[in-house]
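Written below as structure tokens is the structure these notes are about.
Values in this text are rule-based calculations from the coordinates and carry no lab data. From a predicted model like this one, the values you see are computed outputs, not experimental measurements. Cβ sites come from the backbone with ideal geometry, for glycine too, and all protein chains shown count toward neighbours.
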């Protein structure tokens, strides 16, 4: 029996991303907005959006505030994404992104999320268990909402891998450190997150690779370490690849990490080599920083970006 290629993403703490463009943004001054838009967001939602644009069947779940779910429902309908979110009382949080294209920096202002009840968490596990019948990959992404147990990602990873399915995990802090004990298939920490996990200084590329290798030796198949504008390291048991992006104009850093996760999972499902996974993931990430908003550009644009990625 072939492995199902449908992908499910789990977003425990989604947000409505309100992106505001302010050239030469200055703290403590009057600033004028030149452009603004609101998008259904959250790391897992962004991953599902990207994978849907790339041609994969995608499913979303997690916790969604019942009072303002319409903006998410519109996105899911437009992109034919299956909606299995657990609705909870209250409103989904707002995340404000202030983009200064002149200085190529983004300022995030994140509101707290709604707190799920124990019954909501139990319902989520029921949904995830049902989805393992058809979904070969699960992407667990983003923060854990206030009041939810810090072990929630670890528990979800254990439940999913027990059914023989693959898990990509993209979170940070204590939830990440606890969840890696369950050996997800793939993780994507940045340098700071890897340093926090391992306690190492990581002041050289060799040290970064060494720290990632320790995690691989402990049972994680693929560790992707994002290095910002320097690219990313893709580390597995028998191979290490570095992907270096070209110099591009950064319009927004919102969703760049989510795009890298999306591209890596897409490459894994397609059976690409680690080097080609790295190339595709970096092309996805370039597409994210080259635009304001979520989703992928045309497949032709992705191919163009892939051709500009240097692989070592």
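Determine Rg/Rh for segment 1-139; Rg is computed over alpha-carbon atoms and Rh is the Kirkwood hydrodynamic estimate from the same atoms.
With Rg and the Kirkwood Rh in hand, the quotient comes to 1.05.
Which whole-number percentage describes the relative contact order of the chain, with Cα contacts under 8 Å and a sequence gap of 6 or more?
Averaging sequence separation for qualifying contacts and normalising by length gives 16 percent for the chain.
Provide, in order from the shortest bin, the percent of all Cα-Cα pairs of segment 235-312 in each 10 Å bin, continuing until the bin that contains the maximum pair distance.
Answer for segment 235-312: a P(r) of 21, 55, 21, 2 percent.
What percent do you get for the relative contact order of segment 121-231 when only Cα pairs under 8 Å and 6+ apart count?
The value is 22 percent.
For segment 58-182, how big is Rg over Rh, using alpha carbon atoms and the Kirkwood form of Rh? Numbers along the way, then the final one.
Working: Rg = 15.7 Å, Rh = 15.9 Å.
Ratio value, two decimals: 0.99.
What is the Cα centroid distance between segment 152-167 and segment 235-312, reported in whole angstrom?
26
How much length is gained if the chain between residue 91 and residue 5 is pulled fully straight, taking 0.36 nm per residue apart and subtracting their Cα-Cα distance, in nm to one decimal?
Using 0.36 nm per residue and subtracting the Cα-Cα distance, I get 27.7 nm.
Contour minus end-to-end for residue 151 and residue 192, with contour as 0.36 nm per residue of separation and end-to-end as the Cα-Cα distance?
Numbers: separation 41, 0.36 × 41 = 14.76 nm, distance 2.08 nm.
Full extension from residue 151 to residue 192 adds 12.7 nm.
Return the calculated 222 nm mean residue ellipticity for the chain, to the nearest 500 deg cm²/dmol, obtained by summing -39500 (n - 2.57) across DSSP H runs with n ≥ 4 and dividing by the residue count.
Helix-only estimate at 222 nm: -11000 deg cm²/dmol.
Rounded to the nearest 0.05, what FRET efficiency do residue 32 and residue 312 have when you use their Cβ-Cβ distance and R0 = 51 Å?
0.70
Please rank 70, 153, fewest neighbouring Cβ atoms within 10 Å first, as an exposure proxy.
The most exposed by this proxy come first: 70, 153.
Per q in 0.20 Å⁻¹, report the Debye log10 I(q)/I(0) for segment 208-248, using one uniform scatterer on each alpha carbon and no solvent.
-0.55
Determine, for 29, 18, the number of other Cβ atoms within 10 Å of each Cβ, and report the residues in order from fewest to most.
Lowest to highest Cβ neighbour count: 29, 18.
Suppose we look only past 20 Å in the calculated P(r) of segment 92-155. What percent of the Cα-Cα pairs does that tail hold?
Considering segment 92-155, 48 percent of its Cα-Cα pairs are separated by more than 20 Å.
If we count other beta carbons within 10 Å of each Cβ, what is the order of 198, 146, 157, 249, fewest first?
249, 146, 198, 157
Taking 2.2 N^0.38 Å as the expected size of a compact globular protein, what ratio does the Cα radius of gyration of segment 123-202 give against it, to two decimals?
For segment 123-202, the normalised Cα radius of gyration comes out at 1.11.
Taking 37 °C and 0.692 mPa s as the conditions, I'd like the Stokes-Einstein D for segment 164-233 in µm²/s, using the Kirkwood hydrodynamic radius from alpha carbon pairs.
In µm²/s, the coefficient is 273.
Once every Cα of the chain carries one equal point scatterer and solvent is ignored, give the base-10 log of I(q)/I(0) from the Debye formula at q = 0.09, 0.10, 0.11, 0.15 Å⁻¹, two decimals.
Each listed q maps to, in turn, -0.42, -0.52, -0.64, -1.25.
Roughly how many Å is it from the Cα centre of segment 74-136 to that of segment 15-35, as a whole number?
24
Which value results for Rg/Rh of segment 73-115 when Rg is the Cα radius of gyration and Rh the Kirkwood radius based on the inverse mean 1/r?
On the way: Rg = 15.0 Å, Rh = 13.3 Å.
Taking Rg over the Kirkwood Rh, I get 1.13.
Compute the separation of the alpha-carbon centres of segment 183-214 and segment 36-65 and state it in Å as a whole number.
Cα centroid of segment 183-214 versus Cα centroid of segment 36-65: 27 Å apart.
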